[in-house]
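The values are calculated or read from the model by the stated rules, or taken from the named source; none is laboratory data. Please read all numbers here as calculations on a predicted model, not as lab measurements. Using ideal geometry, Cβ is built from the backbone for each residue, glycine included, and neighbour counts are taken over all protein chains shown.
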Amino acid sequence: MPDLTPNQLAKRQQIVDAARLVLARDGLAGCTARAVADASPLTKSAIHYYFADMDDLIDQAMAGHIDAFVANLRAAAARQDAAADRFWAAVRDYVETFRQQPGVLRLWFAYWISATTKNRLTAIETMHDSVAGIFAELLTDIGVDDPARRADELFSFLLGEVVRSAVTPRSFDELRARITDICAIS
């Protein structure tokens with residue numbers, strides 16, 4: 001898209017914000033140009049003007065959801081003083097987000113399936129790098145060996161755990177014991 005004026009950038013952001021709202025409310029299948037137009041002050045034709053296709057808009061909206069999720073993890077960690085407490089606060093926030101908002105779980109995995117099918121992996125790579133990066137920083141702060149590898153393993157475990165918890169949730173104490181092993185926390 002050619003250089004946009006500040007007004008055009010603001011309109012584009014309104015569309016992304018509306019798509020975020022629709023995704024959170026109606027899921028991936030419900031995020032249509034009509035639904036986004038109805039949730040924004042702009043028209044369906046404006047959506048098509050500012051975005052090459054719905055996949056581009058959805059990628060931008062999911063990137064916004066990812067940014068907010070990562071900011072919440074950082075905020076949860078920042079509320080703690082001790083390095084170990086910061087790590088556990090971020091892990092708890094990660095798990096609780098999906099437990100308290102099952103629609104988020106459905107949205108993330110529907111998006112993952114759609115994005116991987118269409119080979120649109122940027123937002124997924126960003127999420128992985130951002131979340132694993134936070135965990136690696138926090139593991140570094142508590143002195144874990146090879147924090148980047150441990151953070152990747154933790155992230156994979158947590159992805160599986162949030163899916164599993166939709167059927168059979170484990171207590172945080174059970175998760176904490178497994179995470180302590182995965183991350184080699186002493």
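State whether the residues of the stretch 39-54 include one that is closer than 29 Å to Val167 by Cβ and in a helix (DSSP H, G or I). Taking every residue of the stretch 39-54 in turn, none turns out to be closer than 29 Å to Val167 by Cβ and in a helix (DSSP H, G or I). Among the residues of the stretch 94-125, those identified as more than 17 Å from Val167 (Cα to Cα) and either surrounded by fewer than 13 Cβ atoms within 10 Å (Cβ to Cβ) or touching a Lys or Arg at 6+ places or on another chain (Cβ under 6 Å) (or both) are Ile113, Thr116, Thr117, Lys118, Asn119, Thr122, Glu125.
Considering only residues in the stretch 168-181 that are under 22 Å from the mean Cα position of the chain (by Cα) and closer than 12 Å to Leu154 by Cα, the one that is surrounded by the most Cβ atoms within 10 Å (Cβ to Cβ) turns out to be Ile179. Scan the stretch 36-59 for residues that are surrounded by fewer than 19 Cβ atoms within 10 Å (Cβ to Cβ) and out of contact with any Lys or Arg (no Cβ under 8 Å at 6 or more places or on another chain) and the total you get is 10. Within the stretch 90-97, can one find any residue that is among the acidic types (Asp, Glu), in the same structural domain as Leu73 (by TED's automatic domain parsing) and more than 19 Å from Ala61 (Cβ to Cβ)? Scanning the stretch 90-97, I find at least one residue that is among the acidic types (Asp, Glu), in the same structural domain as Leu73 (by TED's automatic domain parsing) and more than 19 Å from Ala61 (Cβ to Cβ), so the answer is yes.
Taking the conditions exactly as written (touching a Pro at 6+ places or on another chain (Cβ under 9 Å), at pLDDT 95 or above and surrounded by 17 or more Cβ atoms within 10 Å (Cβ to Cβ)), does Leu73 satisfy them or not? No. Among the residues of the stretch 13-29, those identified as outside any helix (DSSP H, G or I) and either surrounded by 13 or more Cβ atoms within 10 Å (Cβ to Cβ) or among the basic types (Lys, Arg) (or both) are Gly27, Leu28. Checked against the criterion of being in contact with a helix residue (DSSP H, G or I) (Cβ under 9 Å, 6 or more places away or on another chain), at pLDDT below 95 and assigned to a helix (DSSP H, G or I), the stretch 4-12 has at least one qualifying residue. Does the stretch 98-114 contain at least one residue that is in a loop (DSSP other than H, G, I, E, B), without any contact (Cβ under 8 Å) to a residue 60 or more places away in the chain and within 27 Å of Leu139 (Cβ to Cβ)? Checked the stretch 98-114: at least one residue is in a loop (DSSP other than H, G, I, E, B), without any contact (Cβ under 8 Å) to a residue 60 or more places away in the chain and within 27 Å of Leu139 (Cβ to Cβ). Considering (1) buried (at least 17 other Cβ atoms within 10 Å of the Cβ); (2) at pLDDT 95 or above; (3) part of a helix (DSSP H, G or I); (4) among the aliphatic types (A, V, I, L, M), the lone condition that Val144 does not fulfil carries the number (3).
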